[in-house]
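The values are calculated or read from the model by the stated rules, or taken from the named source; none is laboratory data. Computed from a predicted model, the values in this text were never measured in an experiment. Neighbour counts run over all protein chains shown; Cβ positions are idealised from the backbone, glycine included. Remember, those area values only see protein heavy atoms, side chains included, never the ligands or the DNA or RNA. Shrake-Rupley method; radii C 1.70, N 1.55, O 1.52, S 1.80 Å.
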Protein chains: 2
Amino acid sequence: MSIAELEEIRRSQILLAALTVMSRKGSFDATMDDIATAAGLSKGGLAHYYKSKNELFIAAFREFFARVFERCRESMAKAPGPLEKLLAFDLLFDPQEPYVPLGYPILFDCMAKAAHDADYGRVFGEWVEGWIALLSEALRLGVEQGLFRPLDPDPIARAVSAIYQGVATRWFLAPARHSRDWAVNAVKEAITRLMEPYILRPQLEESTTKP
Amino acid sequence: MSIAELEEIRRSQILLAALTVMSRKGSFDATMDDIATAAGLSKGGLAHYYKSKNELFIAAFREFFARVFERCRESMAKAPGPLEKLLAFDLLFDPQEPYVPLGYPILFDCMAKAAHDADYGRVFGEWVEGWIALLSEALRLGVEQGLFRPLDPDPIARAVSAIYQGVATRWFLAPARHSRDWAVNAVKEAITRLMEPYILRPQLEESTTKP
DNA sequence: GGATAAAAACCGACCGGATGGATTATCTTC
DNA sequence: GAAGATAATCCATCCGGTCGGTTTTTATCC
């Protein structure tokens, strides 16, 4: 095994440990000792790969968002049509999904940090932009396929993404009164209705021409 | 001045100081020293009124949410009709609004804490429920006034509130790509369209009866 | 292939600073 | 003078980061 390979393995091992501890304790309460223990290394061992706690945390948040993004992309790729692609994120409300119980605490921590620290704001913003790019692509696809009337994808994609963010926040933080059924339905209703004026129906095209 | 009056004044002074420091530094980085300095008291003075940092923070978050709730209630009270009441929260995107620059960092901190600590989850959840009660009331009003068709207010109010949460989160944390205009319009579009099937139009009542 | 030296990886102990809370002393009010 | 309010100081603990020492790996030479 080469030094580069070992470094890759160690960094990955440390990131996984960091994400686990951050999710369990909250990133504000996660210590380097905790993470070192979870990684099966010493603090000095951690220091070899990540020069500071902040550097490790930025890397951990980036890793987390990369994984979530990939999972979302997969889910979208499987959806049959552009509207279905906009609605392809029920995984966000699935407790069995690997990154759901682990992920929301991490997401909220990143948001709390982002409110004060531009580095974290950048991490959050880049993830958001990536997701919005996916959604915009689906909207453009819908137009190309003649399923949606011509539209500006950007603000709509942003609205769609924000709806998911709001509903998911409520589902996770106030679950007693925001069930999964509510979440799934709220998202579907809101997004479907938001898209309503853009949907072309070939067989009913005459009746969609409102006065 | 009686002891009860002094206590009221001191508690209020300390809470204001706490909110100011929490907003500026983040609640995770706010120390009792910081808050004492901001309150013009010593740490010992703080300890007389709040027995622990946690007790002070819970009280501060509650104070914050109470103020935001009151501000939202006022804004709604001024709106002319039930649909306008659902849309009466442009203040959430107004940087001149007192609790906006100060409030979002506090809100995100509370959310991050709520992900791990049921006490904070309760504080957050109670605020959410209060807001939803206002929205539900407006929906019921709309039905009573014959402006909305009969509906179940609860899930709709929750969806409306979640939309605000998502859009506001994006506006505040990723402002470069989520302008105030986008936010105001996204909320208006999403909520108006979500309500579309429920809106009764007296002059066009016949055409709303879809097959 | 073996021996040797150098570099890298890793550990455990240590350090200085920060913090919440406790304690003692002082001040203020009744 | 007593009670309450407040300040200042102290204390124990915690934490990120450092550092000297040890172990492991790599590179070089014969």
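What the table below lists for this structure:
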read-out	value
Conditions (1) buried (at least 21 other Cβ atoms within 10 Å of the Cβ); (2) within 16 Å of DNA strand C (Cβ to nearest atom); (3) within 14 Å of chain B (Cβ to nearest Cβ); number of the one not met by residue A:46	(3)
Residue that is away from DNA strand C (no atom under 12 Å from the Cβ), over 18 Å from the mean Cα position of the chain (by Cα) and within 14 Å of another protein chain (Cβ to nearest Cβ), where the choices are A:118, A:114	A:118
Of all residues in region B:83-126 being touching a Ser or Thr at 6+ places or on another chain (Cβ under 6 Å) and touching a residue at least 24 places away in the same chain (Cβ under 8 Å), the one that is nearest to residue B:167 (Cα to Cα)	B:105
Matching residues in region B:166-185 - criterion: being under 24 Å from residue A:110 (Cα atoms), part of a helix (DSSP H, G or I) and either open to solvent by less than 70 Å² (accessible area, probe 1.4 Å) or among the hydrophobic types (A, V, I, L, M, F, W, C) (or both)	B:166, B:167, B:168, B:169, B:170, B:171, B:172, B:173, B:182, B:183
Members of region B:2-18 that are within 10 Å of DNA strand D (Cβ to nearest atom) and touching a helix residue (DSSP H, G or I) at 6+ places or on another chain (Cβ under 9 Å)	B:7, B:10, B:11, B:13, B:14
Any chance residue A:55 is more than 22 Å from residue B:114 (Cα to Cα), of a type outside the set (Lys, Arg), away from DNA strand C (no atom under 12 Å from the Cβ) and part of a helix (DSSP H, G or I)	yes
Residue ID - farthest from residue A:105 (Cα to Cα), chosen from residues in region A:19-57 that are small (Gly, Ala, Ser) and more than 11 Å from DNA strand D (Cβ to nearest atom)	A:40
Selected residue [in contact with a Phe, Trp or Tyr (Cβ under 7 Å, 6 or more places away or on another chain), open to solvent by less than 10 Å² (accessible area, probe 1.4 Å), aliphatic (A, V, I, L, M) and within 30 Å of residue A:54 (Cβ to Cβ)] from A:128, A:123	A:123
Selection status of residue A:63, more than 14 Å from every other protein chain (Cβ to nearest Cβ), away from DNA strand C (no atom under 13 Å from the Cβ), touching a helix residue (DSSP H, G or I) at 6+ places or on another chain (Cβ under 7 Å) and not hydroxyl-bearing (Ser, Thr, Tyr)	yes
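Per-residue answers, yes or no, for (1) open to solvent by less than 10 Å² (accessible area, probe 1.4 Å); (2) at pLDDT below 95; (3) within 14 Å of chain A (Cβ to nearest Cβ); (4) assigned to a helix (DSSP H, G or I):
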| position | (1), (2), (3), (4) |
| --- | --- |
| B:67 | no, no, no, yes |
| B:88 | no, no, no, no |
| B:135 | yes, no, yes, yes |
| B:164 | yes, no, yes, yes |
